[in-house]
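Okay, so here's the structure we're looking at.
Here, each number is a calculation from the coordinates, and none is a lab measurement. Given the structure is predicted, the values throughout are model-derived calculations rather than measurements. Cβ atoms come from the backbone with ideal geometry, glycine included; neighbour counts cover every protein chain shown.
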Amino acid sequence: MIYINRFLVSFLALVLGIALGLIALSPPRHASVDSEGFSALRAREDILRIAVEPHTVWDQEKLDSVRTFLVERLTGMGLDVETFTYPPITDSFGHSYPLVNISASIPGKSGRNILLVSHYDSAPKKRSGEQEGSLGAADDGYGLSTMLEVARILKTRKGSLQNGIRFLFTDAEETGAYGAKAEMSQNAAAWADVNFVINIEARGVKGPALMFETGSKNRATIELFRKARQPFGYSFAADVYRKMPNFSDFTEFLNKGYAGINIAVIDDLSYYHTPRDNPDNISLSSMQHYGEQVLPIVLAYTSDLRYSNPDAFESKEDMVFFPWLPGVFVSYPTTIAWIISGIVLLLFSVWFAHKVMRKETSIGKSFFWLLSWLGMAIVALAAGLGISILLGKVKDIPWNVIYMPGIPFERFILWGLVLMAAIVPWLISFRRAVKDRENASLLAGSLALNMVVLLLAHLFMPGASFMFALPVLACLAGDFLREKTGLDWVVAIPAALVLGLFLPIVHLVGLALTIGALGILLFLAFLPLSMLGPLVSRP
């Protein structure tokens, strides 16, 4: 009966955790075409006009047709439109062409503005075996259509805006963000009335629209981002992106000190920068999610005179933020993150002292299992690294830890190995807990390991601190509740919460970094799993 109970508890935690993770990753259903708010169906009509054919900077005639459409569309809605033309540049591929950016605006009473940015050029042919470049339906049709739909909604609203909104459609982003660079280097004074920027991008065609980048000292920025109807972003992603060599138009604004956010879908990289990025493959739910985030933020900004202050987004600290339970977006300053971690450390110390006093564990045994779990995590890291390198050699794809697309069945390989990483601590805990009654030692070692990683996160990647503090807290709470109630099933709840927190993170990191980061993913997944095994397998 003990074995059945533990299996049922594990199964219940797994089912609930997967459900929570899938809910977090599910973008909203698209709104009807007659909706008063943002409608992906209406936005799609613009994509159908924009993504008729590839329109790269290397084909100025086709790019000019998109430019003309945007100007006519904006003018037809009654916006103030102007173009900024810059002398021809020669890109790194050896092509020369002029730069033409499109600006539009809806003024507000204060003279202060929020700025929406997307690029209107599509990606040229970049992969061998392809006949032409991308049609730009997602990259950056998602951004263009979102901006046009937001403009349409604002123009139909009654009354004047307290703060205004500006739109910038940039040229030549795909070949080096030259349009944005020209604005910031040659026309910066034209944007002096802007104090917040939303860049809208795409690095795939589906999935939730992820807010993956902000500037530093982003407390006020995240407080505005919370106004989104379904905010979706992780502070660890912003920390990681700052350390990567990637760039977008948003990079140019950050370099000039602007506050703001960068949003993109990142699912299905196989469509990215290829002819398959066409209207047949767009996701209405992803488009709706862009709107459900961008529009409420714009409405909050344009209706609140507090944002008319040029220094409205200056802050002294960063925020830790993440979605967790359905409809719940958690955010708090890094100062509070340190306090939370201090409380977790105190609770762990009390819990550990209690277990030692009851002779359920000892310092020696707990330290042994800390080293054992660390060793297994390192093995997972090395195995993932080795497998990703091997896959690269088999498919003749250069290994790269942050970008290694083109591996067949990549997602199945990733999740299959993550499942193995989950089974190992569960089997070890199951057998050892029955044979030697070492459940408390197993759990103490894994909790201590996660506390060590928590400290490292605070020092080197503060936005990731929640990934270790909250799971440790959940496991401590679960063990306490089981001990007080005598009910085994109660631990399924905190275990499910931990799984529900981590499954989207592992999924998104896998999408963003591809299988080259398999070792990092397995190491990352193993840390919380090493706690859940002992937690749910106590006899």
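Is the range 21-171 best put as rounded, prolate or oblate by its Cα gyration tensor, with a ≥ b ≥ c the root eigenvalues, rounded for a/c under 1.5, and otherwise prolate when a/b is larger than b/c, oblate when not?
It comes out oblate by the Cα gyration axes.
Over the range 392-539, with a single point scatterer placed on each C-alpha, what log10 of the ratio I(q)/I(0) does the Debye formula yield at q = 0.10, 0.16, 0.20, 0.21 1/Å?
-0.39, -0.88, -1.20, -1.27
Measuring from centroid to centroid over Cα atoms, what is the spacing of the range 224-277 and the range 387-430 in Å?
Answer, in whole Å: 25.
Going toward the positive end of the dipole of the chain, with +1 on Lys and Arg Cβ and -1 on Asp and Glu Cβ, which of Phe11, Ser32, Ser465 do you reach last?
Phe11
Sorting check: for 13-20, 240-247, which peptide has the highest mean count of neighbouring beta carbons within 10 Å, and how do the rest follow?
The packing order, highest mean first, is 13-20, 240-247.
Sort all Cα-Cα distances of the range 182-295 into consecutive 10 angstrom bins from zero, then give the percent of pairs in each bin up to the one containing the longest distance.
13, 42, 34, 11, 0
From the helices alone, meaning DSSP H stretches of at least four residues, give me the mean residue ellipticity at 222 nm for the chain, per-run term -39500 (n - 2.57), in deg cm²/dmol to the nearest 500.
Result for the chain: -17500 deg cm²/dmol, rounded to the nearest 500.
What does the charge add up to near Tyr301, with Lys and Arg as +1, Asp and Glu as -1, over the other residues with Cβ less than 12 Å from its Cβ?
Result for the local shell: +2.
Using alpha carbon centroids, what distance separates the range 75-124 and the range 437-504, in Å?
48
Magnitude of the Cβ-charge dipole of the chain, K/R +1 and D/E -1, about the Cα centre, nearest 20 debye?
The calculation lands at about 2240 debye.
Looking at the range 40-316, how many pairs of lysines come closer than 20 Å at the Cα, when each pair is eight or more places apart or spans two chains?
So the count of such lysine pairs works out to 11.
Using the Cβ atoms and a cut-off under 12 Å, what net charge is assigned to the surroundings of Ser216, where Lys and Arg are +1 and Asp and Glu are -1?
Cβ neighbours under 12 Å give a net charge of -1.
Kindly provide the pair-distance distribution of the range 49-105 built from C-alpha pairs, with 5 Å bins from 0 and whole-percent values in order of increasing distance.
Here the calculated profile for the range 49-105 is 4, 17, 24, 23, 18, 10, 3, 1.
In what sequence do Ile493, Ile520 fall when counting other Cβ within 10 Å, fewest first?
Lowest to highest Cβ neighbour count: Ile493, Ile520.
Arrange the peptides 505-518, 137-150 so that the one whose residues have, on average, the most other Cβ atoms within 10 Å appears first.
Descending mean neighbour count gives 137-150, 505-518.
What per residue convex hull volume, in Å³, comes out for the chain when only alpha-carbon positions are used?
So the per-residue hull volume is 150 Å³.
So how far apart, in nm, are the two label points at Val350 and Glu36 if each is 7 Å from Cα heading toward Cβ?
For the pair Val350/Glu36, the computed spacing is 5.0 nm.
Under 1.5 on a/c is rounded, so check that first for the range 308-465, then, if it is not, pick prolate when a/b is larger than b/c and oblate when it is not; a ≥ b ≥ c are the square roots of the alpha carbon gyration tensor eigenvalues.
Taking the square roots of the gyration eigenvalues as a ≥ b ≥ c, the range 308-465 is oblate.
At a 10 Å Cβ-Cβ cut-off, how would you order Ile165, Ile153, fewest neighbours first?
Listed from fewest to most nearby Cβ atoms, that is Ile153, Ile165.
Report D for the range 90-235 in µm² per second (integer): Stokes-Einstein, Kirkwood Rh on Cα pairs, 37 °C, 0.692 mPa s.
In µm²/s, the coefficient is 193.
With viscosity set to 0.890 mPa s at 25 °C, what whole-number translational diffusion coefficient in µm²/s follows for the range 40-316 from Stokes-Einstein and a Kirkwood radius over Cα pairs?
It diffuses with D of about 133 µm²/s by this estimate.
Counting only complete DSSP H runs, which helices of the chain cover 18 Å or more along their long axis at the Cα atoms and score a mean Kyte-Doolittle of 0.5 or above?
Span-like helices here: 2-24, 334-357, 363-394, 410-435, 439-460, 466-485, 492-513, 518-536.
Find the Cα radius of gyration of the range 322-380, compare it with 2.2 N^0.38 Å by division, and give the number to two decimals.
Expressed relative to 2.2 N^0.38 Å, the Cα Rg reads 1.58.
Have a look at Val356, Asn278, Trp373 and report the one farthest towards the positive end of the charge dipole of the chain, computed about the Cα centre with Cβ charges (Lys/Arg +1, Asp/Glu -1).
Val356
Rounded to whole Å and sorted largest first, what semi-axes of the equivalent ellipsoid does the C-alpha gyration tensor of the range 406-461 yield via the square root of 5 times each eigenvalue?
That gives 27, 22, 4 Å for the three semi-axes.
Sorted by packing (mean other beta-carbon atoms within 10 Å per residue), highest first, where do 403-410, 317-324, 55-62, 214-221 land?
317-324, 214-221, 55-62, 403-410
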